[in-house]
Amino acid sequence: MKILDGKELAEFIKERQAYEVRVLKAEKKKPKLLIIRDSDNPVIMKYVNLKIGYGEDIGIAVDEICAKNSEDIAEIIKSANKNPEINGIILQLPIKDKEKTDELTALITPKKDVDGLSGSGNYDSATATAINWLLAGYDVKLENKKIAIVGRGKLVGAPLYKMWTNSGLNVELFHRGSDLTKLAECDIIVTATGSPNLILSEYLKPGAVIVDAGTASEKGILKGDLAEEVRERKDLSAITPKLGGVGPLTVTCLFDHVIQSTKKS
């Protein structure tokens with residue numbers, strides 16, 4: 001069984017990015033990313049710290065602000081939009097006032113929306129792109145396959161479904177209330193619900209490719225959507241590891257967008 005190791009792929013891309021950043025700095029351009037959050041949730045802090053560390057590795061400055069509420073977030077975004085020293089803005093999701101998510105992400109100016117959440121079209125979703133990179137990097141073919149996406153969230157499921165259907169792929173979108181036994185008909189399954197143990201072994205056919213992009217905190221432990229029994233199977237074609245699957249490439253992708261934004265500034 002093939003392990004879809006996003007961390008390994010990210011290391012190759014990181015070398016190229018570090019070189020591009022050095023070139024930008026030689027041209028007197030200093031890329032900077034701003035991360036806005038409104039909580040200290042361990043899942044959120046995990047990804048914030050990953051981004052800060054990655055930025056340090058390739059020479060991109062990363063600032064982070066913890067906002068008090070959604071009104072504070074809106075003011076921070078508006079100020080960052082006008083700041084020529086900031087090339088990328090990320091609203092780290094989920095926020096406390098989830099109903100305000102679309103409204104707030106839409107405030108981010110398209111050229112600085114490096115997570116691709118505003119729907120402006122300047123950049124595709126970083127996570128959706130990362131999943132594409134991961135599958136392509138391990139030579140997983142999507143054409144003529146039956147594909148399932150479990151979860152229709154703004155970060156992963158919805159943009160990935162749009163990306164793949166626009167490419168003419170055969171994709172079905174599931175959610176937590178769907179009949180998940182139908183996943184047994186699918187060749188490639190991407191799950192991103194944040195519901196630990198949602199995907200059981202009995203739902204998956206031999207030879208399937210499984211990408212677990214779900215993230216949740218359970219008693220302080222980060223978990224994906226897959227039940228542990230799934231990882232005990234030997235007859236799957238490929239699967240992401242517990243850690244280091246999609247996440248590292250998502251970070252890599254959004255920094256690619258920061259670099260692109262800086263080049264255009």
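For the structure I just gave you, tell me whether residue 103 is open to solvent by 60 Å² or more (accessible area, probe 1.4 Å) and out of contact with any Ser or Thr (no Cβ under 9 Å at 6 or more places or on another chain). Give the derivation first.
On the way: open to solvent by 60 Å² or more (accessible area, probe 1.4 Å): yes; out of contact with any Ser or Thr (no Cβ under 9 Å at 6 or more places or on another chain): no.
No.
Just to verify a result, which residue in the stretch 79-99, among those that are part of a helix (DSSP H, G or I) and at pLDDT 95 or above, is farthest from residue 257 (Cα to Cα)?
Filtering the stretch 79-99 for residues part of a helix (DSSP H, G or I) gives 79-82, 98-99.
Next, only the ones that are at pLDDT 95 or above stay: 79-82.
Numbers: 79: 20, 80: 16, 81: 16, 82: 18 Å.
Top of the filtered list is 79.
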What about residue 76, is it part of a strand (DSSP E or B) and either under 21 Å from residue 43 (Cβ atoms) or at pLDDT 95 or above (or both)?
-> no
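Let's see how each residue does on (1) assigned to a loop (DSSP other than H, G, I, E, B); (2) in contact with a His (Cβ under 7 Å, 6 or more places away or on another chain); (3) on the phi < 0 side of the Ramachandran plot:
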| site | (1), (2), (3) |
| --- | --- |
| 189 | no, no, yes |
| 194 | yes, no, no |
| 197 | yes, no, no |
| 205 | yes, no, yes |
| 229 | no, no, yes |
| 244 | yes, no, no |
Select, from 148, 158, the only residue that is assigned to a helix (DSSP H, G or I) and either closer than 23 Å to residue 7 by Cα or free of Cβ contacts under 8 Å to residues at least 60 places away in the same chain (or both).
-> 158
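Results for (1) within 20 Å of residue 236 (Cα to Cα); (2) at pLDDT 95 or above; (3) open to solvent by 60 Å² or more (accessible area, probe 1.4 Å), shown as yes or no for each residue.
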| residue | (1), (2), (3) |
| --- | --- |
| 163 | no, no, no |
| 169 | no, yes, no |
| 174 | no, yes, no |
| 177 | no, no, yes |
| 183 | yes, yes, no |
| 187 | yes, yes, no |
| 195 | no, no, no |
| 200 | yes, yes, no |
Among what's in the stretch 92-121 and is touching a residue at least 60 places away in the same chain (Cβ under 8 Å) and of a type in the set (A, V, I, L, M, F, W, C), pick the residue that is farthest from residue 32 (Cα to Cα).
-> 93
Considering only the stretch 19-45, state which residues are open to solvent by 20 Å² or more (accessible area, probe 1.4 Å), farther than 25 Å from residue 74 by Cβ and not in a loop (DSSP other than H, G, I, E, B).
-> 19, 20, 22, 23, 25, 26, 42
If a residue has to be closer than 18 Å to residue 255 by Cα and surrounded by fewer than 21 Cβ atoms within 10 Å (Cβ to Cβ) to count, how many in the stretch 66-85 make the cut?
-> 3
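The values are calculated or read from the model by the stated rules, or taken from the named source; none is laboratory data. What you see is a predicted model; the values in this text were computed from it and never measured. No Cβ is skipped: glycine too gets one built from the backbone with ideal geometry, and neighbour counts run over all protein chains shown. The accessibility values were calculated without ligands, DNA or RNA, using every heavy atom of the protein model including side chains. Shrake-Rupley method; radii C 1.70, N 1.55, O 1.52, S 1.80 Å.
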